[in-house]
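Asks: Just dropping this structure here.
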Amino acid sequence: MEDTPVIQLVTLWFVVLIYIQTGSGGSGAVNMIIETVAILLVYILPLTLIIFTALRLFDN
């Protein structure tokens with residue numbers, strides 16, 4: 001199946017969004033690092049998906 005990486009990226013994006021919405025809001029260094037990574041992923045994953053889609057369109 002060719003779409004496996006795309007499906008995995010979309011699934012990861014939704015998981016990160018759900019984590020951000022339902023996060024415990026606790027304090028601590030580990031929680032702050034996890035939240036920072038989650039926020040970065042929210043912005044990076046859609047860009048990656050757009051690049052994958054553009055490359056597939058140009059390849060065809």
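Asks: Go through region 15-27 residue by residue and tally those that are over 19 Å from Ile51 (Cβ atoms) and in a helix (DSSP H, G or I). Reasoning before the result, please.
Replies: Residues of region 15-27 over 19 Å from Ile51 (Cβ atoms): 15, 17-27.
Right, trim to in a helix (DSSP H, G or I) and you get 15, 17-22.
Number of matching residues: 7.
Asks: Go through region 25-39 and count every residue that is polar (S, T, N, Q) and over 25 Å from Val10 (Cβ atoms). Give the steps one after another, and end with the answer.
Replies: Taking region 25-39 and keeping what is polar (S, T, N, Q), we get 27, 31, 36.
Filter again for over 25 Å from Val10 (Cβ atoms), leaving 27, 31.
The number of residues fulfilling the criteria is 2.
Conditions tested, residue by residue: (1) of a type outside the set (Gly, Ala, Ser); (2) surrounded by 10 or more Cβ atoms within 10 Å (Cβ to Cβ); (3) at pLDDT below 85.
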{"site": "Ile7", "(1), (2), (3)": "yes, yes, no"}
{"site": "Leu12", "(1), (2), (3)": "yes, yes, no"}
{"site": "Ile18", "(1), (2), (3)": "yes, yes, no"}
{"site": "Gly23", "(1), (2), (3)": "no, yes, yes"}
{"site": "Val42", "(1), (2), (3)": "yes, yes, no"}
{"site": "Leu45", "(1), (2), (3)": "yes, yes, no"}
{"site": "Thr48", "(1), (2), (3)": "yes, yes, no"}
{"site": "Thr53", "(1), (2), (3)": "yes, yes, no"}
{"site": "Leu57", "(1), (2), (3)": "yes, no, no"}
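Asks: Does Leu12 meet the test of being in contact with a helix residue (DSSP H, G or I) (Cβ under 7 Å, 6 or more places away or on another chain) and part of a helix (DSSP H, G or I)?
Replies: In short, yes.
The values are calculated or read from the model by the stated rules, or taken from the named source; none is laboratory data. Quick caveat: nothing in here was measured; it's all calculated off a predicted structure. Cβ coordinates were reconstructed from backbone atoms using ideal geometry, including for glycine residues, and neighbour counts include every protein chain displayed.
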